[in-house]
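Please read the structure below before turning to the comments.
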Amino acid sequence: MRGVLFEKELEVMLREPGWQPYYCLDVMRCVFTDFMQTSENRLCPEQLKSMEDSIRDMAISIGGLIRLKSTGLPTAYDNFYQTAGVIFLVMASFAWSPDMGFTSYRWCNHTSLFVNDEDW
């Protein structure tokens with residue numbers, strides 16, 4: 001079994017960004033099949049079906065996740081959670097300051113910068 005993707009496999013994934021999850025599932029299926037074809041790693045049919053059912057369920061759920069990501073969320077949703085996050089971090093810095101001291105302000109500041117990162 002391999003531990004990493006080959007360079008050629010990574011190039012294929014980068015060319016088709018919408019198919020990356022399906023490609024990874026296909027690689028998982030191929031690696032599992034290769035592993036199962038060796039004589040010392042034989043499993044019973046129930047275990048093979050269980051693995052195939054798990055991969056099938058992941059493939060089915062990817063469609064819904066892609067649809068959700070492409071739909072996007074309304075601006076009001078983003079604004080609500082951003083405001084709630086700011087209120088929480090301001091209150092948390094005061095609530096945690098007796099135990100953490102000045103570190104609580106730094107921690108809350110770093111957390112807010114991490115949470116508000118647009119590259120997620």
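Every residue, every condition in (1) exposed (fewer than 10 other Cβ atoms within 10 Å of the Cβ); (2) closer than 29 Å to P21 by Cβ; (3) touching a residue at least 12 places away in the same chain (Cβ under 8 Å), yes or no:
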residue: R67; (1), (2), (3): yes, yes, no
residue: P74; (1), (2), (3): yes, yes, no
residue: M91; (1), (2), (3): no, no, no
residue: R106; (1), (2), (3): no, no, no
residue: V115; (1), (2), (3): no, yes, yes
Looking at this structure, is D99 open to solvent by less than 100 Å² (accessible area, probe 1.4 Å), acidic (D, E) and either in contact (Cβ under 8 Å) with a residue 24 or more places away in the chain or assigned to a helix (DSSP H, G or I) (or both)?
no
Taking segment 34-51 and keeping residues over 21 Å from the mean Cα position of the chain (by Cα) and modelled with pLDDT of 80 or more leaves K49, S50
Out of (1) modelled with pLDDT of 80 or more; (2) outside any helix (DSSP H, G or I), the one L73 does not meet is (1)
Flagged pairs (Cβ under 6 angstrom, 6 or more apart or on separate chains; first in segment 7-35, of a type in the set (S, T, N, Q) and open to solvent by less than 80 Å² (accessible area, probe 1.4 Å); second at pLDDT below 80 and part of a helix (DSSP H, G or I)) are Q20/M13
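The values are calculated or read from the model by the stated rules, or taken from the named source; none is laboratory data. Note that the coordinates shown come from a computational prediction; the quantities given were computed from them, not determined experimentally. No Cβ is skipped: glycine too gets one built from the backbone with ideal geometry, and neighbour counts run over all protein chains shown. Surface accessibility is based on the protein's heavy atoms, side chains included, excluding ligands, DNA and RNA. Shrake-Rupley method; radii C 1.70, N 1.55, O 1.52, S 1.80 Å.
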